[in-house]
Amino acid sequence: MKMRALALVMTVAVGSCLLTGTPAAGQPPHEGRDKPRASQPYLVGRGVADATGEIAEVGMMGYGRIDQQAAGLHNRLRSRAFVVADPETSQRVLMVVVDAGMIFDSVRQEVLRRLQERYGDTYNESNVMITATHTHSGPGGHSHHLLYNITTLGFHEKTFGAMTDGIVESVDRAHADLAPASLTLTHDELTTASANRSREAFDRNPDEDKKHFPDAIDPQTSLLRIERDGEPVGAINWFANHATNMSGDNRLISADNKGYAAYRWERERGGGDYRGGANPPFVAAFAQTNAGDISPNVDLTPPSTPEDFDRTVANGTQQYEAAAAQLNSPGTPLAGGVDSRIVYVDMSDVEVRPEFTGDGRTHRTCKPAVGAAMAAGSLEDGPAFPGFDEGNNPFWDTVSHSVLYKASPKLKACQAPKGVFAPIGAMNRIYPWVQEKFPVQLVRIGDLYLIGVPGEATITSGLRLRRTVAEAVGADLSNVLVAGYSNAYFHYLATPEEYDAQHYEGGSTLFGRWQLPAMQQTVHGLATAMRDGAEVPIGDKPADLSGRQLRLQPGVVLDTPPLGRSFGDVLDPPAESYAAGDEAQATFAGAHPSNDLHRGGTYLEVQRWNGRAWETVADDGDWSTKLEWKRHGVSSSRVTIRWRTPEDAEGTYRIRYRGNAKNALGRVTPITGATQGFTVR
């Protein structure tokens, strides 16, 4: 899903506090007191925090499979926040990139509420963009709409809390990190990391669009480089690619290819390991753009193993290398301040003017409806429900015209040629299944424009949105980017031509054939207002649904160790020795991981004996470790920890487990265990 940016006009009092170094009343202290020099025209802050939710017995979000229940942790999910402030105008924007499947309005509402408590109007509706990397290996249950909580058996308060806590904490760190900086925008191409998974639909587009993408992919990889005194201290990369290298059979929480790219760059630039709660020296975010019809599986076949780590690493490495290669490119130094606009649009009822429809006539969007092609899933990344196909679905087309679904003639005509599988707009009258009012945003940082799209735009849909904004503001097309998966989620955004093919992307375009022209009309209004310095009415915001959540999955009742054992006992010890590069492993008598999510901490440690004490060399935030949880009997847990030893590892090591057990009275207490030492040579 996506990321987007919102910009805020601060009050003079708050702006003065932020730029002179005197915190406003009730605000936390912050750094970055010096006024930027001409070569460093902005104040920029960076922040990283843990946003990992539940890792066991929670449905994973992305593939829409009820059987994909998490059973362990590959690596922790992060929230990365960046504040960009213009000291001349006291305006700023906040951009957040989260390792998550999507950002729902529920999360945005809670984050904005908590930021207002901390910072007043400094961060608000207009200048906060929260976007997702779209990993399909994160936990779900953080939406307030039922369609996304079916596979998670309802709302999961702990996962929701971990995500929102992590986002807010990353913003706090970015706010405190404000310091003079320069920003440089660069572009390059990456042509070997992605493929168009819906080529037949793409080929329906006009030649003018297809010529822009001769290989049917969007190869542009863009980098916003942050430098202090000439030294790089952070970067945001935008590249269109699904985070679906890990398959629908995977059961380990993972940040997938974009998470690996960020992890590797941060480690290689400064060795940051996140331990101790501090920012790494270099903060790298890999954000999404218009990735709706783009797959990282370049052979157009789903991953062949449950945890396809090799494919994930290979794809993430390509994204990392393409971004890192731009670190010394001259690029475009940004200047000229920051700005933002946002509007809430009822996407189910937009009258689209002829200049945007393409056929010279006025059209309207529809009440949301799921098409049969959506239920089929994307066959190249992993199918969803059996019995559905992309394209024609004669059986389900017939069913959609029956009384079973009660789809009105008006809805069927508006959604045509979609075969309506579920008229979820009508179902909204009974219970909130999907959102209908969405934020659409435009953010400017110097010459860079970010279009905040609350969903998955295909590359051609993204191109049309980018052209719309570029023409309105007079910008270079390459400097106008779609920030997808931002602030909310309305599924897909296909062109009208792609919609007619009714592949997965068209079947998932909920509001009908004219949804993209409606978005073009909306972003054109935002762009012209920004160009002219005019304000935009924010519109009607969606309701707060936090009090209407269903919670169907019971929590942890009781933990007990296996018969004759104690918590923390080593059930299966590691070998006495390993060769460097081998995988060491051990199994412990553990407890349910949901008793304590260890946010900001770890469930495991790999420790090396340094001659005086055991020092930690890896934890569950590292790519080299895995934690696998399995229920044993009724209330016991077996926790297996694996560690891929580095090629340069040498010495004596041990594996340590940290958990929390719940007794019959509901009391949760820490438990721990450690293996004997083993050698690596």
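Could you list all residues from the stretch 457-498 that are aliphatic (A, V, I, L, M) and farther than 28 Å from HIS142 by Cα?
Once the filter is applied, which keeps residues that are aliphatic (A, V, I, L, M) and farther than 28 Å from HIS142 by Cα, the stretch 457-498 yields LEU463, LEU465, VAL469, ALA470, ALA472, VAL473, ALA475, LEU477, VAL480.
Restricting attention to the stretch 223-250, which residues are among the aliphatic types (A, V, I, L, M) and assigned to a loop (DSSP other than H, G, I, E, B)?
If the condition is that a residue be among the aliphatic types (A, V, I, L, M) and assigned to a loop (DSSP other than H, G, I, E, B), then ALA240, MET246 are the ones that fit.
Filter the stretch 519-538 down to the residues that are surrounded by 15 or more Cβ atoms within 10 Å (Cβ to Cβ) and part of a loop (DSSP other than H, G, I, E, B) and list them by number.
VAL536
So VAL83 passes all but one of these: (1) on the phi > 0 side of the Ramachandran plot; (2) outside any loop (DSSP other than H, G, I, E, B). Which condition number does it fail?
(1)
Out of all the residues in the stretch 587-595, is one or more at pLDDT 95 or above and either charged (D, E, K, R) or in a loop (DSSP other than H, G, I, E, B) (or both)?
Yes; the residues of the stretch 587-595 include at least one that is at pLDDT 95 or above and either charged (D, E, K, R) or in a loop (DSSP other than H, G, I, E, B) (or both).
For every residue, the table says whether it meets (1) among the acidic types (Asp, Glu); (2) over 29 Å from THR362 (Cβ atoms).
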position	(1), (2)
GLN521	no, no
LEU526	no, no
ASP544	yes, yes
ARG548	no, yes
VAL557	no, yes
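Looking at this structure, is GLY547 closer than 30 Å to LYS158 by Cα, assigned to a helix (DSSP H, G or I) and of a type outside the set (Phe, Trp, Tyr)?
Numbers: closer than 30 Å to LYS158 by Cα: yes; assigned to a helix (DSSP H, G or I): yes; of a type outside the set (Phe, Trp, Tyr): yes.
Taking the combined requirement at face value, the residue satisfies it.
Could you count how many residues in the stretch 433-449 are surrounded by 24 or more Cβ atoms within 10 Å (Cβ to Cβ) and of a type in the set (Lys, Arg)?
Of the residues in that region, 1 qualify.
Residues in the stretch 652-670 that are out of contact with any Pro (no Cβ under 9 Å at 6 or more places or on another chain) and assigned to a strand (DSSP E or B): how many?
The number of residues fulfilling the criteria is 7.
Condition test on VAL83, is it out of contact with any Gly (no Cβ under 6 Å at 6 or more places or on another chain) and either closer than 25 Å to GLY455 by Cβ or buried (at least 24 other Cβ atoms within 10 Å of the Cβ) (or both)?
No; evaluated as a whole, the condition is false for this residue.
Sort out for me the helices (runs of 4 or more DSSP H) sitting completely within the stretch 434-518 that have 1 or more residues that are without any contact (Cβ under 8 Å) to a residue 60 or more places away in the chain and in contact with a His (Cβ under 9 Å, 6 or more places away or on another chain).
459-473
Hey, does the stretch 369-392 have a residue that's assigned to a loop (DSSP other than H, G, I, E, B), at pLDDT 95 or above and either within 19 Å of SER295 (Cβ to Cβ) or not assigned by TED's automatic domain parsing to the domain that holds HIS242 (or both)?
Yes; the residues of the stretch 369-392 include at least one that is assigned to a loop (DSSP other than H, G, I, E, B), at pLDDT 95 or above and either within 19 Å of SER295 (Cβ to Cβ) or not assigned by TED's automatic domain parsing to the domain that holds HIS242 (or both).
Which condition number does ARG267 fail, the rest of (1) assigned to a helix (DSSP H, G or I); (2) under 19 Å from the mean Cα position of the chain (by Cα) being met?
(2) is the only condition that ARG267 fails.
For the stretch 624-681: of the residues being among the charged types (D, E, K, R) and more than 29 Å from ASP308 (Cα to Cα), which is nearest to the chain's Cα centre (by Cα)?
If we take residues in the stretch 624-681 being among the charged types (D, E, K, R) and more than 29 Å from ASP308 (Cα to Cα), then LYS662 is nearest to the chain's Cα centre (by Cα).
The values are calculated or read from the model by the stated rules, or taken from the named source; none is laboratory data. Just so you know, these numbers come straight off a predicted model, no measurement behind them. Because the Cβ atoms are built from the backbone with ideal geometry, glycine has one as well, and the counts that use them run over all protein chains shown.
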